[in-house]
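The values are calculated or read from the model by the stated rules, or taken from the named source; none is laboratory data. It should be emphasised that the depicted structure is a prediction, and the values quoted were computed from it without experimental measurement. Cβ coordinates were reconstructed from backbone atoms using ideal geometry, including for glycine residues, and neighbour counts include every protein chain displayed. The accessibility values were calculated without ligands, DNA or RNA, using every heavy atom of the protein model including side chains. Shrake-Rupley method; radii C 1.70, N 1.55, O 1.52, S 1.80 Å.
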Amino acid sequence: MTAVQGTMVDVPTPDGGADAYLTHPDDGAAHPAVLLYMDAFGVRPHLTAMADRLAAAGYTVLVPNVFYRHGRAPVVELPEFIDPGRRPEIFDEIGPMMRALTPELAMRDAGVYLDWLRQRPEADGGAVGVTGYCMGAVLALRTAGTYPDQVTAMAGFHGGGLASEEPDSPHLLAGNITAELYFGHADQDHALPPEQIERLDRALAEAGVSFHSEVYPGAGHGYTQADTAAYDEQATERHWAALLDLFGRTLKPGS
């Protein structure tokens, strides 16, 4: 694997500095940029390791702490391994932060992240890929629909609430999207029941979006997160294959 160089950085925003992890191949060259959105547990060693793996494939990757208004990562204290018994108390802390990150604030931040990332010397200045996990899949879809002139590829994995009946559901942005999309849904996911998957697929198809949507049999919500009890190695490797295929076809240097 290609050697990578990763470091914590601060991205200036109207509401203060957003701490983030930036990683890229350690070769002195500029590479296609990827914005990677965290799951609710945030920027932590497992997530930076995922970003490093993506960087090793030839990308400059930014992982922002989207909860930066509440503190630097880790915003909440996390155990090394998150088992089901600890989740309720952790979400007692995380839940208010998730609710405070309104679509308007999140997309204002997204524009800042995209602009900052594209201007980095480690990035090639071309179109950007976006990927996200759990709540990050929602942010990724919103970003593709809000900044279609900048996002050329978007992937979301075990996302929740992608096509709800709320008036600000992210699937309602389908008509704006120009990127190619891929979704790797969790099987029997309480956060994304079959009717939402069907609603999402229908909205994207009717809008003429190029997309591929799959349900990973037997893989539960959060299946890519190796520091949680939800981790599924087989499903995670399937996710890597799909993600690298998408970005390999769509993110060309300088495009």
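Table for the structure above
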{"quantity": "For the stretch 137-255: Kirkwood Rh in Å [reciprocal of mean 1/r, alpha carbons]", "calculated": "14.5 Å"}
{"quantity": "Asp124, Asp92, reordered so the largest accessible area comes first (probe 1.4 Å)", "calculated": "Asp92, Asp124"}
{"quantity": "For the stretch 1-19 and the stretch 127-167, distance of Cα centres in Å", "calculated": "20 Å"}
{"quantity": "Accessible-area ranking of Arg238, Arg99, Arg202, largest first, probe 1.4 Å", "calculated": "Arg99, Arg202, Arg238"}
{"quantity": "The chain - mean residue ellipticity at 222 nm from DSSP helices (-39,500 (n - 2.57) per run, n ≥ 4, rounded to 500)", "calculated": "-11000 deg cm²/dmol"}
{"quantity": "From phi via Karplus (6.51, -1.76, 1.60), per-residue ³J(HN,Hα) for the stretch 197-207 in Hz, x at Gly/Pro", "calculated": "4, 5, 5, 5, 4, 5, 5, 5, 5, 5, 7"}
{"quantity": "Accessible surface of the chain, 1.4 Å probe, proportion on carbon and sulfur as whole %", "calculated": "50 percent"}
{"quantity": "Along each principal axis, Cα extent of the stretch 1-149, largest first, Å", "calculated": "44, 34, 24"}
{"quantity": "Furthest towards positive pole of dipole, His190, Leu173, Val128, structure part the stretch 125-255, Cβ charges", "calculated": "Val128"}
{"quantity": "Largest to smallest accessible area among Met98, Met38, Met135 [probe 1.4 Å]", "calculated": "Met98, Met135, Met38"}
{"quantity": "Relative intensity, log₁₀ I(q)/I(0), of the stretch 39-105 from a Debye sum that treats every alpha carbon as a point, q = 0.12 Å⁻¹", "calculated": "-0.37"}
{"quantity": "Nearest-10 value in Å² for the accessible area of Tyr147, using the 1.4 Å probe", "calculated": "50 Å²"}
{"quantity": "Three principal axis lengths of the chain [C-alpha, angstrom, descending]", "calculated": "45, 43, 38"}
{"quantity": "Spatial separation of Cα centroids for the stretch 193-255 and the stretch 41-59, in angstrom", "calculated": "17 Å"}
{"quantity": "Rounded, prolate or oblate (a/c below 1.5 giving rounded, otherwise prolate when a/b exceeds b/c) for the stretch 10-57 by Cα gyration tensor", "calculated": "oblate"}
{"quantity": "Cα pair distances in the stretch 79-119, grouped into 10 Å bins until the bin that holds the longest one, percent each", "calculated": "25, 30, 27, 18, 0"}
{"quantity": "Average accessible area per residue (Å²) across the stretch 101-140 - probe 1.4 Å, nucleic acids and ligands excluded", "calculated": "30 Å²"}
